[in-house]
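First the structure, in the form of structure tokens, and then the observations on it.
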Amino acid sequence: MTAKNFFATIVLAAAFAATSALAQQPQQQSQRVRGTIASVDGATLLIKPGEGPDVSVKLADNAQVFGVVPATLADLKPGVFIGAGAMAQPDGSQKAIQVMIFAESQRGTGEGFRPWDRPGSTMTNGTVDAVVAGVDGQVLTVKYKDGVQKISVGPDAVIRAYVAGDKSELKPGAHISIVRADKMPDGTLQTARVNVGRNGVVPQ
């Protein structure tokens, strides 16, 4: 092997090793955090969950806060953007467990249809296209970019709405929910959005 070929082989081996190392690096992890704010230290929240140890989460510089307030069937009108957690029914429809009405600034959040966080459940994020009276409550036709779902919403479904909030609401005792807290390289958690309950609401 010539010196030139030897050098080329070394360079290729180094490049392969670097690529393999990058591929083996863990992807950024994220987790959901729910609980009550125990304390606030600058931009860092110490959260006491229902179970387990306290969790510390730092607010990103551009973090948004949304209040979570009670809503009713009457608020589920054509044109609103919702997220509906439901159980699949034998006829292919969905029976709502809870429905979240997004603020207009959140339109498009998580749009689509996918499995939810409990066995046999689904999540549909989309725009309400039509509302008709059903045998037990109302039936929503919810459209999203890849399809449509029929979702029945009975009196037992929990209905909530997001409204614009403020960081001043993040104080000890507040019930909060963080859908995505990202684990940073140093192991700390950081989030760009916090949902805080109002009027006795405990956000999920």
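Brief remarks follow.
- Picking from residues in the stretch 72-105 that are over 12 Å from residue 153 (Cβ atoms) and small (Gly, Ala, Ser), the one that is nearest to the chain's Cα centre (by Cα) is 83.
- Residue within the stretch 147-167 that is among the hydroxyl-bearing types (Ser, Thr, Tyr) and either modelled with pLDDT under 95 or over 28 Å from residue 196 (Cα atoms) (or both) present: no
- Qualifying positions in the stretch 142-182 - farther than 16 Å from residue 65 by Cα, open to solvent by 60 Å² or more (accessible area, probe 1.4 Å) and aliphatic (A, V, I, L, M): 148, 158
- For residue 123: the one exception among (1) at pLDDT 95 or above; (2) out of contact with any Phe, Trp or Tyr (no Cβ under 6 Å at 6 or more places or on another chain); (3) open to solvent by 20 Å² or more (accessible area, probe 1.4 Å); (4) hydrophobic (A, V, I, L, M, F, W, C): (2)
The values are calculated or read from the model by the stated rules, or taken from the named source; none is laboratory data. A quick note: this is a predicted structure, and the numbers were derived from the prediction, not measured. Positions of Cβ are backbone-derived with ideal geometry, glycine not excepted, and every protein chain shown enters the neighbour counts. For accessibility, only protein heavy atoms count, side chains too; no ligands or nucleic acids. Shrake-Rupley method; radii C 1.70, N 1.55, O 1.52, S 1.80 Å.
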